[in-house]
Every structure is written in structure tokens, then in C-alpha cells.
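Down below is the structure, laid out as C-alpha cells.
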Amino acid sequence: MDPQQLLLLAVPAAFIAFGLGWLAARVDIKHLIEGSKALPRSYFRGLNFLLTEQPDRAIDSFIEAVQGDPDTIELHFTLGAMFRRRGETERAIRIHQSLLDRADLAQADRDRALLELGRDFLKAGMFDRAENAFETLRGSTVEAEALGDLLDIFEIEKEWVKAIDCARELEARSGAEMTRRIAHYHCELAQFALLQSRFDEAGREISAAFAALRQSVRAGLLAGELALAAGHVEAAIEAWAALGRQSPQHLALVADKLMAAYKQTGRADEGLRLLEGSLAQTPSYDVLLVVARETHATAGPDAAFALLLRELRRSPTLIGLEQLVQARFAQMPADLAAELDIVRTLLHQQTRRLSRYVCARCGFKARQHHWHCPGCRNWDSYAPRRAEELEISS
């Protein structure tokens, strides 16, 4: 068959497909129009207010619609969610509770209403009641969502053992990847055990974290902390040096402790060389501070100033400039340093803001590095670098 004949056959087929699609669309639109006639006009006014970003007027319209037609279940869910989002949890609780009080509610809608009620309790800080609601939903049509909310409660309350069990169950039920979070939960338990000097328990939790996630950076950091706390300085050095090879940027979080450990074993030069190599590979304000301090102690102020100047040219930041100015002030005559002290003061005021850590998800800034963001509660959203360093690198 030649190309012209194929073309003649293809054109009618295309028109037939278009016609069938048009007919199906007309049927769907017809059903949609017929269904919409049963909805109160206030429902459509509410939708219009939502589309025009007028949530207060939308809520008023939805309340009117619910009062006019109490059988409109979806309006109840919409209204309850809007109240919860606005922080009016008492009204949201009443709406979802009223749904659960209905004897004619289908089981799927009942499960959904209980899930939303649990979320109302969670938003209101009533964690016990929220937990009971979510526990009741095990085996229901919304079990995976309830387990996710239950996990949030365990994280908020720092119930890490329960969080581990819940995360594993959620992984089994929904297929969600939970290994990273499970490793963090074990690290939280290890960190608490370390604070209590329960070294055996801390070691077991660190091993469990590695079992969950072989390349866990946090577990590697804690392994060094545990070794140091137990008096095994060489083991701490080995753990942190291995971490530096695996994730050089995270070495900044323990640079000072690592240098102190090397000095304790009489190998300060080796420690300084390791940190200098890390700094050459990955610019870091925290590593630079340690290297500059040790360079000043071993080679003098001129060598420290030259180091800071070189790094500032390579990675120009205000927090680096502050250290350079500090180094120069140490070499100035007292009368000249006093005259220029305003420069140092102004720099310090600016760098206090720029030297914080920042969450990549929500932008929450903190003076210390967090594994679990206090703002959005995401894990691993803090880079081990300061805010200004991130801005420069990006």
C-alpha cells in the first residue's frame, strides 16, 4: 500500500477518534451539569471566593451551604480542613465529630472523618487524643495516612522507640522509604545514651543506625563521640577521619574536637595537615577557624594572616573577612586598633546573621546545626555550612 493510500485511511480514523472523544466529553459534561444542580448556590460562591483568594468569605459561604444541605458530606470535609488551616481547631473538631455522630455515614467516609479529627487534635496539641484516633485507624482504608500522622506525634514527643516501630510498619504497609529516618531515630537514642554515659547502649544504637543506613553520616559522627567519651582517642580520630573521606563537608561539625584529639595523642602536625587538606578540597568557615588558630600557634601571626587572606580570595565571605580583620588587629599598635575598632564591631554585627545554619526546606535559621529542623520537622535539611557560604557556593 503506497503512502497516499495510508494517508487516506488515517484521516478518517483520526476524525472518528476525535468524534468519540468529543462525544465522551459531552456525556461527562452533561452528568457534571446534572450533578451540580443538586448543590446549593452558596457552594459555588464559596468555590469562587477560594479561587479569588478570599478564604474568609469562602468559609461563610460553605457554612451557609452546610446549613442548607446537611447531607453534603464533602462540604463538611472542606470546611473542617479550612478551619484547621486557619487555626480554628475547635470548630474543625465540631464539624468532624458531627460527621462521626451520623449513623448513615459510609465506612470509608467514617474512616476519613476520624483521620481528619485526629489531625484536628494534633494541630490543637492534644497528642493523646490524636494518637488514639490514629491508632483506631489501623487496618482501615486510610491506615497509611494515619501511620504517617502517628509518626509525626512520636517525633514531636521524642518517642524514638515507638517511632522506629511505626516507621517500619509504615514502610511495610505503603512501601515508603524510611531507612534514613530510622537511622536518625537510632542516632537520637544513641545521643541520649551518650549524655547519660551509658556507653554500651549508645554503641548498640549506633550499630543499629549503621544497619539501617550503612552510609549514615550522623552515625559516623556519633561513633567518634562515643569513642572519645569512652577514652579511646585513637578510635575517635579513626572514625572522624573516615567520615572526612566519606563526606568532607561534614568534617566541619567536628573539626575542633578532631584537632583536640590529635593534639592529645601528640600528633598535632598530622591533624593540621588533615584539616588543611579538607579545607583545600571543601572551603569551610569552621575548618578555617581551626586551621588559622593552629597556624597562628605553630607558625606565627603572619602565617595565619596569609592563610586567611588566601582563603578569603578563594571564597570571599564577610565571616571570613571578620577573621582576617581579627588577625590584623592582633598585629596593630594599641592606639591604631582602638581607632579602627568600629570596623570590627560592624563586621561582627553582620556576621552574626550570616554565620547561622539554614534549613533548605523552610529557611529556618539556627545558631547550631540541626539534623531535624525545628521549623518544618524535615530530616537532613541543614547543610553543615553557614548561610553565607551556601549563598556564595550557589
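Given (1) buried (at least 20 other Cβ atoms within 10 Å of the Cβ); (2) modelled with pLDDT of 70 or more, where does ALA306 come up short, assuming only one miss?
Unmet condition: (1).
Only one of ALA113, ALA124, ALA103 is farther than 20 Å from ASP152 by Cβ, at pLDDT 85 or above and either crowded, with 18+ Cβ neighbours inside 10 Å or not hydroxyl-bearing (Ser, Thr, Tyr) (or both); which?
The unique qualifying residue is ALA103.
From the list ALA261, ALA242, ALA223, which residue is buried (at least 20 other Cβ atoms within 10 Å of the Cβ), closer than 17 Å to ALA209 by Cβ and aliphatic (A, V, I, L, M)?
ALA223
Restrict the check to region 189-200 and report whether at least one residue is among the aromatic types (Phe, Trp, Tyr), farther than 20 Å from SER381 by Cα and surrounded by fewer than 19 Cβ atoms within 10 Å (Cβ to Cβ).
yes
Specify the residue that is surrounded by the fewest Cβ atoms within 10 Å (Cβ to Cβ); the eligible residues are those in region 269-285 that are without any contact (Cβ under 8 Å) to a residue 40 or more places away in the chain and either of a type in the set (Gly, Ala, Ser) or within 18 Å of SER355 (Cα to Cα) (or both).
Filtering first and then ranking leaves ALA280.
Collect the residues in region 377-394 that are farther than 20 Å from CYS187 by Cα and at pLDDT 70 or above, keeping them in residue-number order.
ARG385, ARG386, ALA387, GLU389
Conditions tested, residue by residue: (1) in contact with a strand residue (DSSP E or B) (Cβ under 9 Å, 6 or more places away or on another chain); (2) closer than 22 Å to ALA255 by Cβ; (3) not hydroxyl-bearing (Ser, Thr, Tyr).
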position: THR179; (1), (2), (3): no, no, no
position: ALA183; (1), (2), (3): no, no, yes
position: GLN191; (1), (2), (3): no, yes, yes
position: LEU194; (1), (2), (3): no, yes, yes
position: ARG198; (1), (2), (3): no, no, yes
position: ALA208; (1), (2), (3): no, no, yes
position: ARG218; (1), (2), (3): no, yes, yes
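Confirm whether SER247 is modelled with pLDDT of 95 or more and small (Gly, Ala, Ser).
no
Could you please find all residues in region 240-271 being of a type in the set (Val, Ile, Thr) and farther than 14 Å from GLU225 by Cβ?
Within region 240-271, just THR265 meets the criteria.
Quick one: count up the residues across region 367-376 that are under 16 Å from CYS187 (Cα atoms) and in a loop (DSSP other than H, G, I, E, B).
So the answer is 4.
The values are calculated or read from the model by the stated rules, or taken from the named source; none is laboratory data. Please read these numbers as outputs of a predicted model, since none were measured by experiment. Note that each Cβ is placed from the backbone with ideal geometry, even for glycine, and that neighbours are counted across all protein chains shown.
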